[in-house]
Amino acid sequence: MSAPPAPAHSRSGALRVLIAPDSFKGSADATEVAAALAEGWRRERGDDELIVLPQADGGEGTAEAISAAVPGAVWYDAGPVPGPDGAPVAGRWLQLPDGTAVVELAQMCGLPLLRSSDPTGATTRGLGDVVRAAIEAGARAVCITLGGSASTDGGAGALTGLGARLLDRHGQPVPAGGTALAQLHRVDVRDLVPPPPDGVELLVDTRAVLTGPSGAAHVFGPQKGATPAQVAELDAALTHYARVLGTVLHADPRQPGSGAAGGSGFGLAAWGGCIVDGATRIADLTGLATILPTCDVVVTGEGCYDRTSATGKLVGALLERADRHGVASVVVAGRLDAAPPGLGVDLSRLAGSGRAAMDDPTRWLRRAGTDAARRTSTGRKAANTPQPASDTPAEPPALAVRTTHAQRDQ
């Protein structure tokens, strides 16, 4: 049975609501998702205080989310750089007021940039070129977001862009791509650009290692079009690469996150980067870590919410943080394949099908925001009651929220 619509709320019952979704990949970026959810929420609960803070976990859209949240952040153009298939793409980085350059791998080396599938030959060279440009422009620190890569080259292309020379036994440069690393004989780092003075952070959204069954080739290669034979070839090449690179630069191929972005976590860690959890670090950069405890409700979301959402992905990390601070939660997803801890809104159910939701995401995200606000009531103890998954026909009950923060501010 559907919950009855909540009555109109006076200012005394207003909530402080944090709108902090991830992108809905292939449909809408995090900024667009957040704006649509906020618009829908305001239609139903116009007195609530909304804080719109789009998020990311290191993958596509991360730099844009940080740009939207950090006053004074400025985009810089690095000019054309090689894309994942060598064709030129626009290179850029985001400069933060504290001197940190944020470089998003997906902007130069993302899977959508490929003109045709190339799981064995795609490169991260453009990433290295942009990082080098940011350092040469005076960046004191670099934050590299690793996710959405088209390549499985272990970050070898990025190291080349930073000045390393990867040579075969004849002293010739090894061709671009992951499988060509099987030809690697030695690495010349004499012209390798050193990391900036305040260090390099590598933001990841996975705990995958470099090689083996839980490694970059096996876990992510099929997503990039690799056949089983190509996966085996890539894994063997990365194993050889790690052994040769380890003679001049140190990194642990068993470190969780080293397999991020086709093994770029490993190559850039060997250069001197520090692997960190993307969702946690971005929460710090955007101010979410400070704002969340002051809110009554957080509205987050992603394209598909499932059991993997709690394994290092942004939404899972945000829900865990909300629970720790006693903040009620709403998850809006293109599809709910698991029950979220609080209120869940499934766009495919609202729109009638997943295809309809993807064809007009803004419309259905607005509708989801209104729906979530309608099913939120105040004045009772917060209750994050688990909700049914998308194949359960009954509509979840309303979310009850105690307005401690909002009432205190009146």
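Worth a mention:
- Among (1) in contact with a helix residue (DSSP H, G or I) (Cβ under 9 Å, 6 or more places away or on another chain); (2) modelled with pLDDT under 90; (3) open to solvent by 10 Å² or more (accessible area, probe 1.4 Å) - the single one residue 293 does not satisfy: (2)
- For the range 130-144, the condition of being β-branched (Val, Ile, Thr), over 22 Å from the mean Cα position of the chain (by Cα) and open to solvent by 10 Å² or more (accessible area, probe 1.4 Å) holds for at least one residue.
- Scanning the range 233-250 for residues that are of a type in the set (A, V, I, L, M) and part of a loop (DSSP other than H, G, I, E, B) yields 248, 249.
- Residue satisfying condition, being surrounded by 24 or more Cβ atoms within 10 Å (Cβ to Cβ), within 24 Å of residue 190 (Cα to Cα) and over 24 Å from the mean Cα position of the chain (by Cα), within set 245, 234, 249, 268: 245
- Within the range 311-337, the set of residues being in contact with a Ser or Thr (Cβ under 7 Å, 6 or more places away or on another chain) and either among the aliphatic types (A, V, I, L, M) or open to solvent by 50 Å² or more (accessible area, probe 1.4 Å) (or both) comprises 315, 317, 318, 319, 322, 331, 335, 336, 337.
- All told, residue 186 meets the bar of being basic (Lys, Arg) and more than 23 Å from residue 56 (Cα to Cα).
- Tally, over the range 35-58, of residues that are assigned to a loop (DSSP other than H, G, I, E, B), open to solvent by 50 Å² or more (accessible area, probe 1.4 Å) and of a type in the set (Asp, Glu): 1
- In the set 98, 29, only one residue is closer than 30 Å to residue 356 by Cα, open to solvent by 60 Å² or more (accessible area, probe 1.4 Å) and free of Cβ contacts under 8 Å to residues at least 60 places away in the same chain; that residue is 29.
- Meets criteria (open to solvent by 10 Å² or more (accessible area, probe 1.4 Å), among the aliphatic types (A, V, I, L, M) and closer than 23 Å to residue 104 by Cβ) for residue 193: yes
- Of all residues in the range 72-90, at least one satisfies being part of a loop (DSSP other than H, G, I, E, B), in contact with a helix residue (DSSP H, G or I) (Cβ under 6 Å, 6 or more places away or on another chain) and surrounded by 19 or more Cβ atoms within 10 Å (Cβ to Cβ).
- Among the numbered conditions (1) at pLDDT below 95; (2) touching a Ser or Thr at 6+ places or on another chain (Cβ under 7 Å), the only one that residue 73 does not meet is (1).
- Number of the exception - residue 204 against (1) within 16 Å of residue 150 (Cα to Cα); (2) crowded, with 18+ Cβ neighbours inside 10 Å; (3) modelled with pLDDT of 95 or more: (3)
- The set of residues from the range 145-173 being part of a loop (DSSP other than H, G, I, E, B), crowded, with 17+ Cβ neighbours inside 10 Å and in contact with an Asp or Glu (Cβ under 6 Å, 6 or more places away or on another chain) comprises 147, 148.
- Of the numbered criteria (1) hydrophobic (A, V, I, L, M, F, W, C); (2) touching a residue at least 24 places away in the same chain (Cβ under 8 Å); (3) touching a helix residue (DSSP H, G or I) at 6+ places or on another chain (Cβ under 8 Å), the one residue 310 fails is (2).
- Filtered residues of the range 1-33 (kept if at pLDDT 50 or above and more than 17 Å from residue 332 (Cβ to Cβ)): 12, 13, 14, 16
- When residue 279 is tested against (1) closer than 23 Å to residue 256 by Cβ; (2) at pLDDT 95 or above, just one condition goes unmet, and that condition is (2).
- Selection of first residues in the range 67-78 that are of a type in the set (Phe, Trp, Tyr) and of second residues that are open to solvent by 30 Å² or more (accessible area, probe 1.4 Å), restricted to Cβ pairs under 6 Å at least 6 apart or on distinct chains, gives the following pairs, ordered by first then second residue: 75/92; 76/95.
The values are calculated or read from the model by the stated rules, or taken from the named source; none is laboratory data. Please read these numbers as outputs of a predicted model, since none were measured by experiment. Here the Cβ is made from the backbone with ideal geometry for all residues, glycine too, and neighbour counts use every protein chain on show. Calculation scope for accessible area: heavy atoms of the full protein, side chains included, ligands and nucleic acids excluded. Shrake-Rupley method; radii C 1.70, N 1.55, O 1.52, S 1.80 Å.
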